[in-house]
Amino acid sequence: MQPLPAAVAFDLPAVIDDHLRSVAELLSRVPVDAVVDAVRALDATRREGGVAYLMGNGGSSAMALHLANDLAAVTARMPPVLHTHCLVGNISTFSALANDTGYENVFVGQLVGLRPCDLVLAISSSGDSENCVRAVAHAQRVGARSVGLLGFDGGRLAGLCDVAVHVPRHDYLSVEDAHGVVCHAMARALSSGPANAAQ
């Protein structure tokens, strides 16, 4: 087999190794206490029969879908189930709200029936996505719990969310990598059962 031609001039192994090492270092800076608080908030929502509404933009929207699946799946094996709803999951509703009311309202427009027993979880690397900010502000008004998975300097969401898991780096790829690990850590913690998660 012929070797693949070099498509780029820089040192590929060095670039890849640097990214992996950088993300490993960043993970060591994830605030574990904040992740614990996020799991407790999810578990309280679960025990009260509430719904966890998840959202994000771009890569964070895919992560929100993934997390909604994981949270529902792990709790289904150990009831009570945490009911999840990802606000990017229905493109018809999403695009209708974007077209009719503006992109800044695509999430809050789906939270009309939000209750105090529910939870809003926003994933935003910048912490400043206007549609996430509006959704969390609405959660505050109705007394629902809110959790943010944030990056960069935390943005406006850092001061709005009840629980802010802040990954302090100004780089989308690294922040999203760390958020993915945090999401799996939360799912694993919830799979240990509500009694353990609440302690």
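Here is how the numbers come out for the structure above:
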read-out	value
Single condition Asp177 does not satisfy, out of (1) touching a Gly at 6+ places or on another chain (Cβ under 8 Å); (2) within 30 Å of Ser191 (Cα to Cα)	(1)
Residues (of a type in the set (Ser, Thr, Tyr) and within 19 Å of Asn131 (Cβ to Cβ)) located in region 152-196	Tyr172
Entirely in region 84-199, the helices (runs of 4 or more DSSP H) that have 3 or more residues that are in contact (Cβ under 8 Å) with a residue 60 or more places away in the chain and of a type in the set (A, V, I, L, M, F, W, C)	172-190
Answer from Gly49, Gly59 - the residue that is surrounded by fewer than 18 Cβ atoms within 10 Å (Cβ to Cβ), at pLDDT 95 or above and within 30 Å of Ser174 (Cα to Cα)	Gly59
Any hit, region 101-121, residues being modelled with pLDDT of 95 or more, farther than 24 Å from Gln140 by Cβ, loosely packed, with under 15 Cβ neighbours inside 10 Å and out of contact with any strand residue (DSSP E or B) (no Cβ under 6 Å at 6 or more places or on another chain)	no
Val32 β-branched (Val, Ile, Thr) and in contact with a strand residue (DSSP E or B) (Cβ under 6 Å, 6 or more places away or on another chain)	no
Complete set of residues in region 17-51 that are hydroxyl-bearing (Ser, Thr, Tyr) and touching a residue at least 60 places away in the same chain (Cβ under 8 Å)	Ser22, Thr45
Single match in Gln140, Gln199 (criterion: modelled with pLDDT under 95 and more than 21 Å from Leu65 (Cβ to Cβ))	Gln199
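Yes/no per residue for (1) under 20 Å from Ala178 (Cβ atoms); (2) part of a helix (DSSP H, G or I); (3) in contact with a helix residue (DSSP H, G or I) (Cβ under 8 Å, 6 or more places away or on another chain):
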{"residue": "Val39", "(1), (2), (3)": "yes, yes, yes"}
{"residue": "Arg46", "(1), (2), (3)": "no, yes, yes"}
{"residue": "Gly49", "(1), (2), (3)": "no, no, no"}
{"residue": "Ala62", "(1), (2), (3)": "yes, yes, no"}
{"residue": "Val74", "(1), (2), (3)": "no, yes, yes"}
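The values are calculated or read from the model by the stated rules, or taken from the named source; none is laboratory data. Bear in mind that the values here come from a model prediction, so they are computed numbers and not experimental data. Note that we place each Cβ from the backbone using ideal geometry, even for glycine, and neighbour counts take in every protein chain shown.
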